[in-house]
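Accompanying notes for the structure given below.
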């Protein structure tokens with residue numbers, strides 16, 4: 001129950017949540033919450049994608065989502081923490097902020113599930129559109145709470161590394177594959 005309350009507080013009142021964290025970073029707890037939230041979010045997103053596609057092959061949708069989401073979140077947490085450390089002057093707290101910023105993935109998926117049972121396509125699209133903004137809002141609040149300086153620079157570098165770079169690589173890959181087809 002305490003973990004659920006912490007997840008809700010982190011996602012709904014991040015400034016107060018980050019201000020209430022102790023002096024020492026608790027990376028284990030933050031990583032466990034990030035993994036659980038990402039797994040729940042990926043499972044529900046896989047379920048909604050299964051409903052949208054009308055496929056009866058449930059295993060790839062429901063099993064591949066969490067299996068791919070967990071390494072992705074781990075890589076992003078490490079990359080994001082490293083990007084935040086230098087310009088913000090944060091220590092290991094940067095990794096904790098990034099991990100806690102993944103809590104909306106599970107909450108958003110759970111909240112969209114009832115709507116997704118009726119209209120899975122718009123629910124899935126809405127969730128995928130809202131998650132980056134909510135995630136970045138938590139990172140912003142966390143950096144504001146713990147940074148010694150360079151809040152805007154750290155946040156801009158984080159957004160570019162975590163969302164800009166993957167989107168640029170995706171666009172490049174799509175354009176190359178489109179020319180090959």
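The values are calculated or read from the model by the stated rules, or taken from the named source; none is laboratory data. Keep in mind that what you see is a predicted model, and the values were worked out from it rather than measured. Backbone-built Cβ (ideal geometry, glycine too); neighbour counts: all protein chains shown.
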Query raised in the report: Are any residues in region 102-151 under 11 Å from the mean Cα position of the chain (by Cα) and buried (at least 21 other Cβ atoms within 10 Å of the Cβ), and if so, which ones?
Result: 102, 103, 104, 105, 106, 108, 135, 138, 139
**Report entry** Among the candidates 64, 123, residue that is in contact with a helix residue (DSSP H, G or I) (Cβ under 9 Å, 6 or more places away or on another chain), farther than 21 Å from residue 148 by Cβ, assigned to a helix (DSSP H, G or I) and at pLDDT 90 or above
**Finding:** 123
Query raised in the report: Hey, does region 28-46 have a residue that's more than 19 Å from residue 113 (Cα to Cα), over 14 Å from the mean Cα position of the chain (by Cα) and surrounded by 13 or more Cβ atoms within 10 Å (Cβ to Cβ)?
Result: yes
Report task. Would you confirm whether any residue within region 77-92 is crowded, with 22+ Cβ neighbours inside 10 Å, out of contact with any strand residue (DSSP E or B) (no Cβ under 9 Å at 6 or more places or on another chain) and in a loop (DSSP other than H, G, I, E, B)? Result -> yes
**Report entry** Filter pass, residue 179 being surrounded by 12 or more Cβ atoms within 10 Å (Cβ to Cβ), at negative phi, out of contact with any strand residue (DSSP E or B) (no Cβ under 7 Å at 6 or more places or on another chain) and part of a helix (DSSP H, G or I)
**Finding:** no
Requested in this report: Would you point out which residue out of 105, 111 is at pLDDT below 95, assigned to a helix (DSSP H, G or I) and closer than 18 Å to residue 142 by Cα?
Outcome: 105
Report task. Return yes or no: is residue 155 surrounded by 19 or more Cβ atoms within 10 Å (Cβ to Cβ), in contact with a helix residue (DSSP H, G or I) (Cβ under 8 Å, 6 or more places away or on another chain) and assigned to a helix (DSSP H, G or I)? Result -> yes
Query raised in the report: Here are some residues: 128, 138. Which one is under 25 Å from residue 61 (Cα atoms) and part of a helix (DSSP H, G or I)?
Result: 128
Query raised in the report: Which one of 59, 10, 74 is in a helix (DSSP H, G or I), in contact with a helix residue (DSSP H, G or I) (Cβ under 9 Å, 6 or more places away or on another chain) and either modelled with pLDDT of 95 or more or surrounded by fewer than 19 Cβ atoms within 10 Å (Cβ to Cβ) (or both)?
Result: 74
